[in-house]
1. For a label point 7 angstrom out from the Cα of H309 toward its Cβ, which stretches of segment 128-169 have the backbone nitrogen within less than 17 Å?
2. When N counts the residues of the chain, how does its alpha-carbon radius of gyration compare numerically with 2.2 N^0.38 Å, as a ratio?
3. Sum -39500 (n - 2.57) across every DSSP H segment of at least 4 residues in the chain, then divide by the residue count to get the 222 nm mean residue ellipticity, nearest 500.
4. Near L506, within a Cβ-to-Cβ distance under 13 Å, what is the net charge of the other residues, with Lys and Arg +1 and Asp and Glu -1?
5. Please list, in order along segment 145-151, the HN-Hα scalar couplings obtained from phi with the Karplus expression 6.51 cos²θ - 1.76 cosθ + 1.60 (θ = phi - 60°), rounded to whole Hz, x for Gly and Pro.
6. At 1.4 Å probe size, with every protein chain present, just tell me what the per residue accessible area of the chain comes to in Å².
7. Would you mind checking the tilt of helix 61-90 against the longest principal axis of the Cα atoms of the chain, expressed as 0 to 90 degrees and rounded to 10?
8. Out of the total accessible area of the chain (probe 1.4 Å, heavy atoms of protein only), what percent is carbon and sulfur?
Amino acid sequence: MEYRREIDGLRALAVIPVILFHAGFEVFSGGYVGVDVFFVISGYLIASIVMTEMSAERFSLARFYERRARRILPALLLVVAVCIPAAYALLLPSEMKEFGQSLVATMTFSSNILFWSQTGYFEGAAEMKPLLHTWSLAVEEQFYLFFPLFMMLAWRWGRAWLTALLILVAIASLALAQWGALHKPIAAFFLLPTRAWELIIGVLVALHLSRPGQKEVPLAVRNGASLLGAGLLLFAIFGFDQRTPFPGLYALVPTVGTALIIVYCAPQTWVGKVLCSSAFVGVGLISYSAYLWHQPLFAFAKHAGLPSHHTALYGGLSLLALALAYGSWRFVETPFRHARHITRRQMAGFSFAGCSAVAVLGAVAHAADGFVDRLAPEDRYLATVSPGVYGEYVRKRFDDLHHVPFKIGDQRVKVLVVGDSFAKDLVNAVYESPLAAQIQISTHQITAGCGNLHLARDFRDDITQKQPFLCDNDGWYKGQAMHELIRQSDVVWIASAWSPWEARLLKESLSNLNQEYGEKFIVFGSKNFGAIDIKRLMSTPMPGRYAVRNKLPSTHRDLNQAVEEAAGAARFVNVSALLCGPQGLCPLFLPDGRLISYDGGHLTKDGARLLGKLLSEHLRGRQFVLQNHRSVSSAALVQSAGAQR
């Protein structure tokens, strides 16, 4: 196909916003849409090549996959090879173990599935993953595993049928993406079924532009349409943010904008003159390598202890990514693309050997627990602390009990636990203590930042959750199922990582709940163990390490006090006071050296046992859950909550 200089310029308009978004430049709040631009460009270019070769009856699957390998693997293997020693030097064994998983997933182009199962793209833990960005490569390669086979089957049907079928698939994929963005946002973000439509837009553009007998488009139309496309793209880059439901209908803005640019932009148009400039084309040529380098640089900088948010630092690292990208483009990408430098047999051997070696090393790193044996025996437990593993422990029991009906005839106290991950800690504490034999639990999630509140008025403007549509999915205290659970329960425990705006509205919320359901609501305060810096703890000599205590921040004390005042002392359980004592000095370890919290807020299994024990002692003798009777009076609940004062 004919080279289009403006397409390389468009690549620059895709990669720079992605890099600066990950670098933390807030003005590029929607910079993540650069990946969507890449999807459309990729679909257009690959489809154009395939259709050109099919029209000439010289398409070959072997040649197609050879081109993909030449394009993707050399630079990818270089970046991964550099990442491996950096990971060994900077990552804890628990992190190295996860990195090993990502090596295997990257080499098998399944990293989108791995990262979907581990975390959300916008979550804080995600930015620490050096190979997170390879999810988009996995989506593309999964698409191209099927696309040429589809084209070989459908090409004989003619353009009209091919176009109609592609449109139907794209509409189905977009509909799934829209549903997923509102109900399963992490899956929708990472997985092929909800991303395929973006690549298909590029394929449809290629079909449109390859039609025979097309009339020349007037320059005025080209200018207007390409300007509209650029405007849509810039609007998404600067107007979208992490709160935008994505992908889905919102993703039409950058993808349609990209399609308009590809269709109507030309070197003589206003947009074309910008995109064809040396600066844009130069960055576009190295855009793939720049994309590969930027995430490892940012992630390893954080692992090295550098600030997470520093404009000059990450601006400098962004420039370094471009410099490294030029080197890898010039000395790796370019030679490997041409068969005269690297033969097909050499390319096949290099690809198999490189991918196999990296995958085997990743599997070994995972099997060896991140090579934990390299550490002193007293450090090995700490070094294997993994937020991923403990996060699953925190979530699972609560999620399994979501809206589980209370058992008829069961004489245990019926407790409905409502809240976010701190409520999940509370459920684990119950099940790790004798209280489990005396309580039956059902749960209802209200995601952190959504407001654990029941108000007659709309409070959406106060919500701090980055993805507010999750709040609608939770439903707060609305719905018939929630109404029935509250009505059937003997007591409702409300627990959250409270924020100041929630504390201000909590009194009004409790008044509404009490008026509607009776005084059966107990509020649990939040907890804060301070920073849990595993590397710092490992550098603390024994035996003093286990005596380390973090002081409760004054802001946390003030917030807990505000929540207590809103709930009333008799209906408030001060979890921080139970765990940290009256002086607010929070132990990080149990006497046997096991961590209580893995991230400063959430509990390990050992921490849940501690809280369960403390809760059991706190409630003992207060007529609560120890009488083994399904009916519990409000007065008893009030006494049990207020007894800690």
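The values are calculated or read from the model by the stated rules, or taken from the named source; none is laboratory data. If you're wondering where the values come from, they're calculated on a predicted model, not measured in any experiment. Cβ atoms come from the backbone with ideal geometry, glycine included; neighbour counts cover every protein chain shown. These area figures cover heavy atoms from the full protein model, side chains too; ligands, DNA and RNA do not enter into them. Shrake-Rupley method; radii C 1.70, N 1.55, O 1.52, S 1.80 Å.
1. 128
2. On the way: Rg = 28.2 Å, N = 645, 2.2 N^0.38 = 25.7 Å.
Relative to the 2.2 N^0.38 Å estimate, the chain comes out at 1.10.
3. -19000 deg cm²/dmol
4. Working: positive: R504, K507, R571; negative: D462, E502, E508, E564, E565.
Spelling it out: positives minus negatives among the neighbours equals -2.
5. Couplings: 5, 9, 4, x, 5, 4, 5 Hz.
6. Details: 27300 Å² over 645 residues.
Value for the chain: 42 Å² per residue.
7. 40 degrees
8. Its accessible area is 62 percent carbon and sulfur atoms.
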